[in-house]
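Asker: Before I ask anything, here is the structure I am working with.
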Amino acid sequence: MSRTRLGFSLLLLAALGWSDDEHGSEDSSHPKKKGPGHGPWSYADVAQWASMFPDCGGQMQSPINIDTSSTSVSLELQPVELAGYRLDPREQLRLENNGHTVVLELPSSLTIASGYPQEYRASQLHLHWGSPEGPGSEHTVDGRRYDGELHVVYYNPSYQSIKEAMRQPGGLAVLAAFLQVGPEDNEHYQPLLEQLPEVQEKGKKTTVDGFDIKGLLPTSLSRYYRYSGSLTTPPCYQTVNWTVFNQTVLLSQKQISLLETTLQGDHEELLQNNFRPTQSLHGRKVLASFQAALSPRQAPIPDGGAPPVTPAPDGNTESPDGAPGAGAGCVPCADAEQQLGFSLRTADVLAGLFGVLFAVTALALLIYVHKQRSQNQRLSPQAQGHLHGSHHRQEPGIDAVLVPGPGL
Ligand SMILES: *[C@@H]1O[C@H](CO)[C@@H](O)[C@H](O)[C@H]1NC(C)=O
Ligand SMILES: [Zn+2]
């Protein structure tokens, strides 16, 4: 789907400033301007995006692969709570094939009330999909690509408009859910899917009667991944606070197939595989709001229930081996637990080090005191010089032991 044509349609129809994906911000106000930040783009030339849209070459790009073994559990990630999603059928929502995806515009009365440090207001939602030959989600989990992906795009209302918000750090939030083939039709998706034939050609628009938008999302909004990323299409602004839900949404094979084979992009070709390859994390952290399931044998660590760790004389500070749940059965257990294990081991090593250091220091002091005493007892005018000398030779040894002490 060419951006030029989109820009044109936008201009001609005096459409809303934001009618693309999370994408949107192609400056529809200057559709003919060329150079960086402007111009058409397509999924066929993702490698060239960065030359026209510099942010696409940045270090905080989306989508990403979520490696579940390297996520960190964060207790601060509260369940996502949504407000205002049950729309009256008399409310008409605009649906458009923009050549890159199908976009449903949403009233800003739909909000994310909880799950982020601030409130966000809805702008639009759209989908990404593959083809009958393969799946087409944008994010992947442990390398697995799902059949499709729903993106609900929000903006931070402390900015004047979404166009401004999308250029500001934390200006946007996107709730993402994976679509997966299941055994039956998903009735919640019918209002949207049955209008797809109406917007078959790129640039076509129609309206959809208001329905329960929340039904498009997973039923559980408490289990999700959170990371900082970008729009997944040009101009790739790095301003999106991503939420990727762990629970998938099931649609029938028939529904997924309709999505994959109805819409057209450029040159009246089928619009398929509208997903961007996953991008490097470049050191970013992916948080998880939940702990991966523990096996029933592995009870979570109870509050204050961790045994006190005291260094034993032989330096073995491990709790008795074979204690159930101590680590033997830990293969599938969550990061938090692994991190806890790691920090306990670190504490052990430190405690051991301090113990050894203390012992050496004490020993050295003892030797010193002992020598001083015997020196005083055996003190004779001749011996003094010799002992003094030996004392001096000894001193550096004691200092060497003493000096590192305060530094640790
Ligand atoms: C959901 O979480 C489980 C446990 O970590 C993981 O195995 C699974 O791949 C996740 N699925 C998605 C879609 O995030
Ligand atoms: Zn998207």
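Asker: When the chain is fully extended, how far beyond the present Cα-Cα distance does Ser131 get from Arg284, taking 0.36 nm per residue of separation?
Answerer: Contour length minus Cα-Cα distance gives 52.0 nm.
Asker: Right, another one. Please state the shape class of the stretch 169-266: rounded when a/c is under 1.5, otherwise prolate if a/b exceeds b/c and oblate if not, all from the C-alpha gyration tensor.
Answerer: It comes out oblate by the Cα gyration axes.
Asker: Within the stretch 103-160, list the GluC sites (Glu not before Pro) lying in a DSSP loop whose Cβ has at most 15 other Cβ atoms in a 10 Å radius.
Answerer: Glu119, Glu133
Asker: Just subtract the alpha-carbon distance of Arg94 and Glu201 from 0.36 nm times their residue separation and send over the number in nm, one decimal.
Answerer: Between Arg94 and Glu201, full extension yields an extra 37.0 nm.
Asker: Please list 93-102, 167-176, 273-282 highest first by mean number of surrounding beta-carbon atoms within 10 Å per residue.
Answerer: My ranking of the peptides, most packed first, is 93-102, 167-176, 273-282.
Asker: Relative to the present Cα-Cα distance, how much length would full extension add between Asp45 and Gln291 at 0.36 nm per residue of separation?
Answerer: Length gained, Asp45 through Gln291: 84.7 nm.
Asker: Next question. Could you state the accessible area per residue of the stretch 202-263 in Å², with a 1.4 Å probe and every protein chain left in place?
Answerer: Per residue, the stretch 202-263 has an accessible area of 30 Å².
Asker: So, with +1 on the Cβ of K and R and -1 on the Cβ of D and E, and no other charges, what is the size of the charge dipole of the stretch 246-287 about its Cα centre, to the nearest 20 debye?
Answerer: So the magnitude is around 440 debye.
Asker: Quick query: amide H of Asp67 versus all other amide H atoms, modeled in the peptide plane; which residues come in under 5 Å with a sequence gap of 5 or more or a different chain?
Answerer: Asp142
Asker: Amide H of Ser114: which non-local residues (sequence gap of 5 or more, or other chain) have their own amide H closer than 5 Å, using H built in the peptide plane?
Answerer: Residues meeting the amide H criterion: Glu81.
The values are calculated or read from the model by the stated rules, or taken from the named source; none is laboratory data. This is a predicted model, so every value here is computed, not measured. With ideal geometry, Cβ positions are generated from the backbone for all residues, glycine too; neighbour counts draw on all protein chains shown. With ligands, DNA and RNA removed, areas are computed over all heavy atoms of the protein, side chains included. Shrake-Rupley method; radii C 1.70, N 1.55, O 1.52, S 1.80 Å.
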